[in-house]
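What follows is a set of notes on a single structure, which appears directly below.
The values are calculated or read from the model by the stated rules, or taken from the named source; none is laboratory data. Fair warning: this is a prediction, and the values are worked out from it, not measured in the lab. Cβ placement follows ideal geometry from the backbone for every residue including glycine, while neighbour counts extend to all protein chains displayed.
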Amino acid sequence: MTDTLLSASLVLSSVFAAALALSLVLRFWLASRQIRHVALHRDAVPAAFAHTISLAAHQKAADYTVAKARLGLIEIALGAAVLLAWTLMGGLSALNQALTQFTGQGMAQQLGLMVAFVVISGAIDLPMSWYQTFVLEQRFGFNKMTFRLWLADLLKGGLIGALIGLPIAALILWMMAAAGSLWWLWAWLFWMGFNLLLLVIYPTLIAPLFNKFAPLEDVTLKARVTALMQRCGFSAKGLFVMDGSKRSAHANAYFTGFGAAKRVVFYDTLLAKLSAPEVDAVLAHELGHFKHKHIIKRIISMFALSLAGFALLGYLTGQVWFYTGLGVQPNLATSNDVLALLLFMLALPVFSFFIAPLFAQVSRKHEFEADAYAVGQTSAQDLSSALLKLYEDNASTLTPDPLYVSFYYSHPGASERLARMHGSVPAAA
């Protein structure tokens with residue numbers, strides 16, 4: 001290794017280690033702030049919600065939030081340890097070398113490395129996934145899944161991931177080897193096309209493999225919802241009720257699909273908890289996202305960011321220091337494309353973490369705009385009433401740490417959100 005290459009490799013190793021350490025410190029600090037702030041306000045319902053939220057519900061939300069944050073601390077530490085093991089400690093390099101000795105070099109070895117990486121990573125994540133579902137969610141009364149259903153979801157998800165992911169990975173790896181220096185542009189075009197296709201086929205081909213979707217049968221509610229959509233100039237391919245209650249007590253509603261394939265989906269748990277005017281208000285909020293073109297803006301942003309990512313990957317693929325700086329000894333006699341893909345996926349979140357608050361801020365701005373649209377189409381009282389029911393039923397804390405909200409929350413905190421709806425300024429927490 002030349003002095004220049006060694007120097008570049010050491011610089012990358014140092015920058016990566018420093019970024020990981022800084023992100024760890026920041027994550028732990030923010031989580032600790034959230035735990036302290038929520039626990040400090042546990043014993044009293046905020047004045048603005050005193051007449052609508054009981055102390056017992058407020059304390060349940062506080063305990064649930066703290067429990068999730070504490071589990072998150074373990075996940076953060078485990079994730080950092082696993083990341084170091086894959087990269088600077090040589091885990092990915094060792095796995096690559098072992099598979100190369102077993103299968104030889106070529107496409108089979110590259111796909112084998114990707115499959116082995118995904119399987120090992122998934123196995124490491126399994127205990128946390130099980131604990132979150134069957135211990136944490138169970139403790140607070142949210143889990144409705146049986147172990148059999150959890151296992152079936154896991155197996156179906158793995159099978160679908162393999163059937164879709166392996167051909168895509170093979171095609172991208174082929175492009176990297178055969179499409180010349182601009183392979184990343186062709187790969188990006190294919191990746192964007194696939195994502196748009198997925199938006200169209202997911203509602204009808206993939207989602208039904210996990211949940212049942214029945215047409216909305218409540219005639220009165222259907223008429224109200226249809227009238228609201230017509231008033232807002234919106235059309236959908238159908239109104240459906242999803243059996244979310246078989247997995248969780250959490251409630252939600254959403255639009256799915258793209259273009260003419262758009263559907264409105266209500267969780268059965270949501271319809272059981274909200275009145276018809278409140279359902280209208282929640283739906284109007286979702287319509288607000290479309291009216292303000294938030295979905296299109298997010299897709300365009302995804303296009304731009306992924307283009308930048310593919311271009312950066314295209315450059316890094318040919319840099320030996322990129323591999324050695326992240327603990328991998330590249331194959332000198334053959335392609336390192338799969339190593340580049342995996343290293344990029346491992347390293348990118350470490351650096352993108354620091355710009356996450358910018359995207360969270362944009363998302364919160366969009367939520368405010370959607371709320372304002374919903375208030376104009378229905379009423380602030382119905383929307384705030386619906387949101388408070390959802391906050392209570394989902395055990396969402398009313399007193400999050402403001403800095404934690406600024407960094408992580410894609411939706412505004414309850415106090416600020418409801419104050420905006422009613423044209424008042426929230427009191428300082």
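If only residues of segment 88-110 that are of a type in the set (Gly, Ala, Ser) and not in a helix (DSSP H, G or I) are counted, the one that is nearest to Phe142 (Cα to Cα) is Gly90.
May I ask you to list the residues in segment 274-301 that are farther than 21 Å from Val241 by Cβ and surrounded by fewer than 20 Cβ atoms within 10 Å (Cβ to Cβ)? First the steps, then the outcome.
Residues of segment 274-301 farther than 21 Å from Val241 by Cβ: 288, 291-301.
Result: Lys291, His292, Lys293, His294, Ile295, Ile296, Lys297, Arg298, Ile299, Ile300, Ser301.
Screening Ala179 against (1) modelled with pLDDT under 90; (2) more than 30 Å from Gln105 (Cβ to Cβ) leaves a single unmet condition, (2).
Considering segment 351-429, the qualifying helices (runs of 4 or more DSSP H), each wholly inside and each with 1 or more residues that are in contact (Cβ under 8 Å) with a residue 12 or more places away in the chain, hydrophobic (A, V, I, L, M, F, W, C) and within 30 Å of Leu83 (Cβ to Cβ), run over 356-377, 402-408.
Scanning segment 242-256 for residues that are closer than 19 Å to Ile206 by Cα, among the hydrophobic types (A, V, I, L, M, F, W, C) and in contact with a Lys or Arg (Cβ under 9 Å, 6 or more places away or on another chain) yields Met242, Phe255. Filtering segment 185-203 to residues that are touching a residue at least 12 places away in the same chain (Cβ under 8 Å) and of a type outside the set (A, V, I, L, M, F, W, C) leaves Asn195, Tyr202, Pro203. Of everything in segment 100-116 that is at pLDDT 90 or above and aliphatic (A, V, I, L, M), the residue that is surrounded by the most Cβ atoms within 10 Å (Cβ to Cβ) is Leu113.
For segment 26-42, filtering for residues that are small (Gly, Ala, Ser) and either touching a Ser or Thr at 6+ places or on another chain (Cβ under 7 Å) or under 8 Å from Tyr404 (Cβ atoms) (or both) leaves 1. Can you find a residue in segment 302-320 that is surrounded by fewer than 21 Cβ atoms within 10 Å (Cβ to Cβ) and closer than 16 Å to Arg231 by Cβ? Checked segment 302-320: no residue is surrounded by fewer than 21 Cβ atoms within 10 Å (Cβ to Cβ) and closer than 16 Å to Arg231 by Cβ.
Evaluate the following for Ser121: is it touching a Gly at 6+ places or on another chain (Cβ under 9 Å), hydroxyl-bearing (Ser, Thr, Tyr) and within 26 Å of Leu92 (Cβ to Cβ)? Considered against the rule, which asks whether it is touching a Gly at 6+ places or on another chain (Cβ under 9 Å), hydroxyl-bearing (Ser, Thr, Tyr) and within 26 Å of Leu92 (Cβ to Cβ), Ser121 comes out as no. Answer yes or no as to whether Trp150 is assigned to a helix (DSSP H, G or I), farther than 15 Å from Met107 by Cβ, in contact (Cβ under 8 Å) with a residue 40 or more places away in the chain and touching a Ser or Thr at 6+ places or on another chain (Cβ under 9 Å). Considered against the rule, which asks whether it is assigned to a helix (DSSP H, G or I), farther than 15 Å from Met107 by Cβ, in contact (Cβ under 8 Å) with a residue 40 or more places away in the chain and touching a Ser or Thr at 6+ places or on another chain (Cβ under 9 Å), Trp150 comes out as no. Just one of the numbered conditions (1) of a type in the set (S, T, N, Q); (2) farther than 20 Å from Pro46 by Cβ; (3) touching a Leu at 6+ places or on another chain (Cβ under 9 Å) is not true of Ser379: (3).
Note on segment 49-87: among residues that are without any contact (Cβ under 8 Å) to a residue 24 or more places away in the chain, part of a helix (DSSP H, G or I) and over 29 Å from Gly325 (Cβ atoms), the one that is nearest to the chain's Cα centre (by Cα) is Gln59.
Scanning segment 205-217 finds one or more residues that are charged (D, E, K, R) and at pLDDT 85 or above.
Inspect all residues belonging to segment 23-43 and state whether any of them is in contact (Cβ under 8 Å) with a residue 12 or more places away in the chain, surrounded by 14 or more Cβ atoms within 10 Å (Cβ to Cβ), out of contact with any Asp or Glu (no Cβ under 9 Å at 6 or more places or on another chain) and not in a helix (DSSP H, G or I). Scanning segment 23-43, I find at least one residue that is in contact (Cβ under 8 Å) with a residue 12 or more places away in the chain, surrounded by 14 or more Cβ atoms within 10 Å (Cβ to Cβ), out of contact with any Asp or Glu (no Cβ under 9 Å at 6 or more places or on another chain) and not in a helix (DSSP H, G or I), so the answer is yes.
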